[in-house]
Amino acid sequence: MSMLRVAVLAFDGVSLFHLSVPGMVFGAAKDAPDLPHYEVRYCAAKPGQIRSEQGVMIEVSDGLEAMARADIVIVPAWSDPSLHAPAELTAALRRCHAQGALVVGLCLGAFVLGDAGLLDGREATTHWVARDLFARRFPSSHFRPDVLYVADDNIVTSAGTVAAIDCCLHLLRQRHGADVANRLARLLVTPPHRQGGQAQYIEQPVPQLPSESRLPGVLEWAREHLAEPLSLDTLADVASMSRRTFTRRFRETTGTTFIRWLNAERVARAQQLLETTDMPIDCIASEVGFGTSLSLRQQFAAQLGTTPSDYRRTFCKELRTKGAESIKGSLGF
């Protein structure tokens, strides 16, 4: 499998957490030879010593030319969103975008993409603390303050802190399927995604508020019984709550409605089965609780913007193995 190149921007005042997330996520594949491999390099407008937000000095050897060689360019949280990004940097980002690279702004890094004009006419998000400033600075973008990350063409932006991990896992899921992203998430001991969905190969989860521990075991129980008829009353009984209390606690915990959560969980399970088994689509529909292939197709269209058959052709391991030589170069961007 071809090596994919990731360039991560470093700058004075950069957050060590955001700087390290791409390396942690994409670098997790190095110990699993059957998973895609990524080369992660760090670059700066002026190579040399960079002082992080935490005061740690970092030696960065590559300049902005490393971006031109990358398949993915990632800008971590910008240290001060009130300061415009330098022209040299924004010009480099525009060139990368024009060459077809995927350009990602993590957290306040979205401001740098906005300064480069890459968010004009596109959906975008950023950390909620800067939502008002973002909306004023980039009125031509379609601001989505309510999501953890959003992809529009080959531009991706994320909300703050841990959403950077969600965003990078999404990039893996988008190119290599849910099973690969889930396996790497397990290596990182992090959830493979936070629940939600939009009409493309992307989950755009809503923020979770309290942890799932507020519904002791009930969500995990539901995931283990997806093939069965599930209702609010069923889960309320499992949780030993009234329907009204359960409904309120469920929304507090997941940020969504029960039916939307259930349909998204069933689609996620169907994705895994389509990738890792040769089960007929009718059987998968029954296995995940949709009952009929028509219902499964309708949910795939609504959540992923594709069909189960097309999804399997794109991500099925067996098909990828049989056609490995013909698709080695097709995993670029």
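The values are calculated or read from the model by the stated rules, or taken from the named source; none is laboratory data. Note that the structure is predicted; figures quoted are calculated from it, not measured. Glycine gets a Cβ as well: all are built from the backbone with ideal geometry, and neighbour counts include every protein chain shown.
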* Being assigned to a helix (DSSP H, G or I) and among the hydrophobic types (A, V, I, L, M, F, W, C) is the filter here, so list the residues in segment 234-248 that pass it. => 235, 236, 238, 239, 246
* Structure fact -> Checked segment 286-313 for anything part of a helix (DSSP H, G or I), over 25 Å from the mean Cα position of the chain (by Cα) and under 13 Å from residue 263 (Cβ atoms); matches are 295
* The lone exception for residue 162 - which of (1) at pLDDT below 85; (2) buried (at least 17 other Cβ atoms within 10 Å of the Cβ); (3) under 25 Å from residue 105 (Cα atoms) it fails -> (2)
* **Selection count where residues are of a type in the set (D, E, K, R), within 21 Å of residue 174 (Cβ to Cβ), modelled with pLDDT under 90 and out of contact with any Gly (no Cβ under 6 Å at 6 or more places or on another chain), scope segment 270-322** => 6
* In segment 250-288, which residues are surrounded by fewer than 18 Cβ atoms within 10 Å (Cβ to Cβ) and farther than 28 Å from residue 312 by Cβ? -> 251, 252, 257
* Structure fact -> So, first residue touching a residue at least 24 places away in the same chain (Cβ under 8 Å) in segment 126-141, second residue among the aliphatic types (A, V, I, L, M) and outside any helix (DSSP H, G or I), Cβ within less than 6 Å, six or more apart or across chains; the pairs are 127/159; 138/119; 141/119; 141/124
* Out of all the residues in segment 114-125, is one or more surrounded by 24 or more Cβ atoms within 10 Å (Cβ to Cβ), in a helix (DSSP H, G or I), at pLDDT 95 or above and in the same structural domain as residue 38 (by TED's automatic domain parsing)? -> yes
* Take the residues in segment 131-148 that are more than 21 Å from the chain's Cα centre (by Cα) and of a type in the set (A, V, I, L, M), then tell me which one is nearest to residue 78 (Cα to Cα). => 133
* Structure fact -> Reported set for segment 54-72 where residues are under 10 Å from residue 41 (Cα atoms) and of a type outside the set (Val, Ile, Thr) is 61, 62, 66, 67, 70
* What do you reckon, is residue 147 in contact with a Pro (Cβ under 8 Å, 6 or more places away or on another chain), crowded, with 19+ Cβ neighbours inside 10 Å, in contact (Cβ under 8 Å) with a residue 24 or more places away in the chain and not in a helix (DSSP H, G or I)? -> yes
